[in-house]
Amino acid sequence: MDLGIRGRTAAVAAGTAGLGLSTARALATEGVNVVICGRDQKRLDGALAAIGGNAKGFICDVSNDVGGREFVERAIATLGSVDILIANGGGPPPGGFATTDESLYLEALQKNLLSIVAMCQVAIPPMRERKWGRVVAITSVAVRQPMPNLILSNTARAGVTAFLKTVSREVAGDGVTVNSIQPGTHGTDRITQLFGPNPDAVAMGIPAGFIGSSDDFGKIAAFMCSDQAKFMTGTHIHVDGGSYAGLL
């Protein structure tokens, strides 16, 4: 399927590894001009080689609002404009209510809420002027079904989901869609950090019986940026192999 986005431009935050890298690669395959960022030059160089095409990138830490704003501003300067924003970033450390100090909540909100707010503040106004834009935030299925021992992530990502839903309704009339994609367990470094190196043990808790593919995830994210997805906004799609047990 031709997604109708060849020649468009995309800024993919934290696109040097994991789901961000897979999404950047999927967009580049569709002919999108992609800019990514990361915190490590060696990893950035490897990611650009993996993406191929005309992908560009630079060092930028998007773990707070200052970095999120800087990333989109530099992406616009590099590309001339940004049609697609993939708002993404690393997750906060694990912990539950009793083991998580109050001081850690602000850092988590900076990383997984305020950074994305800042990216949207820079990216969306020009999209509205051009009457076309796509914002897709990579969050977590924990928004729908909070995960044990991840209280910081559960809290911050729920907040950004409410923000995105609110914004989506305000900008829909200008041809800008705002959605999130909520991954479950995929084969990324983050999952190894949280659950250890034994994929079989993790897969046992997934109804599908296997850990998700990052490349498959990237293709779903790319479709959400497509021309065909222009009537889909304010949605939060979980991609989790059936792990979420709720009806809604």
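A compact table of results
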| quantity | calculated |
| --- | --- |
| Members of segment 126-167 found to be basic (Lys, Arg) and surrounded by 24 or more Cβ atoms within 10 Å (Cβ to Cβ), listed by number | 134, 157 |
| Matching entry among 138, 151, 124, 116 (being of a type outside the set (Gly, Ala, Ser) and touching a Phe, Trp or Tyr at 6+ places or on another chain (Cβ under 7 Å)) | 151 |
| Residue within segment 150-160 that is modelled with pLDDT of 95 or more, assigned to a helix (DSSP H, G or I) and among the hydroxyl-bearing types (Ser, Thr, Tyr) present | yes |
| Some residue of segment 161-177 being β-branched (Val, Ile, Thr), modelled with pLDDT of 95 or more and in contact with a Leu (Cβ under 9 Å, 6 or more places away or on another chain) | no |
| Verdict on residue 137 being modelled with pLDDT under 95 and either outside any loop (DSSP other than H, G, I, E, B) or under 27 Å from residue 175 (Cβ atoms) (or both) | no |
| Flag if residue 194 is at pLDDT below 95 and either in a helix (DSSP H, G or I) or of a type in the set (Phe, Trp, Tyr) (or both) | yes |
| Residue within segment 47-68 that is assigned to a loop (DSSP other than H, G, I, E, B), at pLDDT below 95, surrounded by 20 or more Cβ atoms within 10 Å (Cβ to Cβ) and touching a Leu at 6+ places or on another chain (Cβ under 9 Å) present | no |
| Evaluation of residue 108 against (1) among the small types (Gly, Ala, Ser); (2) in contact with a helix residue (DSSP H, G or I) (Cβ under 6 Å, 6 or more places away or on another chain); (3) in contact (Cβ under 8 Å) with a residue 60 or more places away in the chain (one fails), failing number | (3) |
| The lone exception for residue 14 - which of (1) in a helix (DSSP H, G or I); (2) at positive phi; (3) among the hydrophobic types (A, V, I, L, M, F, W, C) it fails | (1) |
| Of residues in segment 197-234 being over 19 Å from the mean Cα position of the chain (by Cα) and small (Gly, Ala, Ser), the one modelled with the lowest pLDDT | 201 |
| Single condition residue 94 does not satisfy, out of (1) closer than 29 Å to residue 5 by Cβ; (2) surrounded by 14 or more Cβ atoms within 10 Å (Cβ to Cβ) | (1) |
| Meets criteria (surrounded by 21 or more Cβ atoms within 10 Å (Cβ to Cβ), assigned to a helix (DSSP H, G or I) and at pLDDT 95 or above) for residue 123 | yes |
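The values are calculated or read from the model by the stated rules, or taken from the named source; none is laboratory data. Source: prediction; values computed, not measured. Quick reminder, even Gly has a Cβ in these numbers, built from the backbone with ideal geometry, and neighbours come from all protein chains shown.
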